[in-house]
Structure formats: structure tokens, C-alpha cells
Amino acid sequence: QVQLVESGGGLVQAGGSLRLSCAASGSIFSINLMGWYRQAPGKQRELVASITSGGATNYADSVKGRFTISRDTTISRDNTKSTVYLQMNSLKPEDTGVYYCNLKRNAVDYWGQGTQLTVSS
């Protein structure tokens, strides 16, 4: 079982900043890919940013230079926990949507419940 718990969404004015967090626990082991997706009303879910367990990052062109993804991982004998962060700066109204945390492990996708971000103009 994998659990993903997101936090940090809300309402912010254009040009503002916000940080999303996603705590992953359970059978995630140490090798996986974590990321953030978003879905705007009437649009498909799209990748915003991702980060491998080794720290390699990937960003959608629309957020490059404004968003930064990072992660912390703690490994113990009994459990592995990872928290992934998405620091969002210079927010734009088009960043509005529901943001979902994602973890990929062994070709299986796990999703968080989603957190709403609204950027007002």
C-alpha cells in the first residue's frame, strides 16, 4: 500500500508564491519517480514537474523558471518515507487547477487526493 497526502493549496494573487507538499509512505521503497500533475477545468491532466529518487528533475515548459520541485527521503529498516515539494513562484491565472501528487513505482501509478490552487488576476 502507498499513501500520498497533499497539502498547501489555496487562493493566491497573480505574481504570488505557494508551496505544495506531498508526503508518501508505505511500500514505496527507495527507487521511484514522484511528481505533480494538474488539471484545469475542462482540460486533461498534465505533468507539471517530476523528480527521480536520484534527484533528476523534469518540468513542463509552461512552468520552467517559476516552479521548483524537490524531495526529502528517509529510509529505515522498516519503512521509506518521501516528501515531495513544489515551490511555485510568479504564479499566473493559468496555473489554476487541481494539483495531484503522483508516485510511479514498478510501472504502477499512485495518486493523491488532489489540492486546489486558484490564482486570481
Quiz item: Looking only at Cα atoms, what is the convex hull volume of the range 17-121 per residue, in Å³?
Solution: 97 Å³
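Once you have the alpha carbon radius of gyration of the range 68-120, what is it after dividing by 2.2 N^0.38 Å, with N set to its residue count?
Working: Rg = 14.2 Å, N = 53, 2.2 N^0.38 = 9.9 Å.
Computed over Cα atoms of the range 68-120, the ratio equals 1.42.
Taking all protein chains in place and a 1.4 Å probe, what share, in percent, of the accessible surface of the chain do carbon and sulfur account for?
Numbers: 3130 of 6470 Å².
In the chain, the share of accessible area belonging to carbon and sulfur is 48 percent.
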Quiz prompt | Length-normalised contact order for the chain - Cα pairs under 8 Å, 6+ apart - percent | solution = 36 percent
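Just the accessible area per residue of the chain, please: how many Å² with a 1.4 Å probe?
Here the residues of the chain average 53 Å² of exposed surface.
The values are calculated or read from the model by the stated rules, or taken from the named source; none is laboratory data. Please read these numbers as outputs of a predicted model, since none were measured by experiment. Side chains included, ligands, DNA and RNA excluded: accessible areas come from the protein's heavy atoms. Shrake-Rupley method; radii C 1.70, N 1.55, O 1.52, S 1.80 Å.
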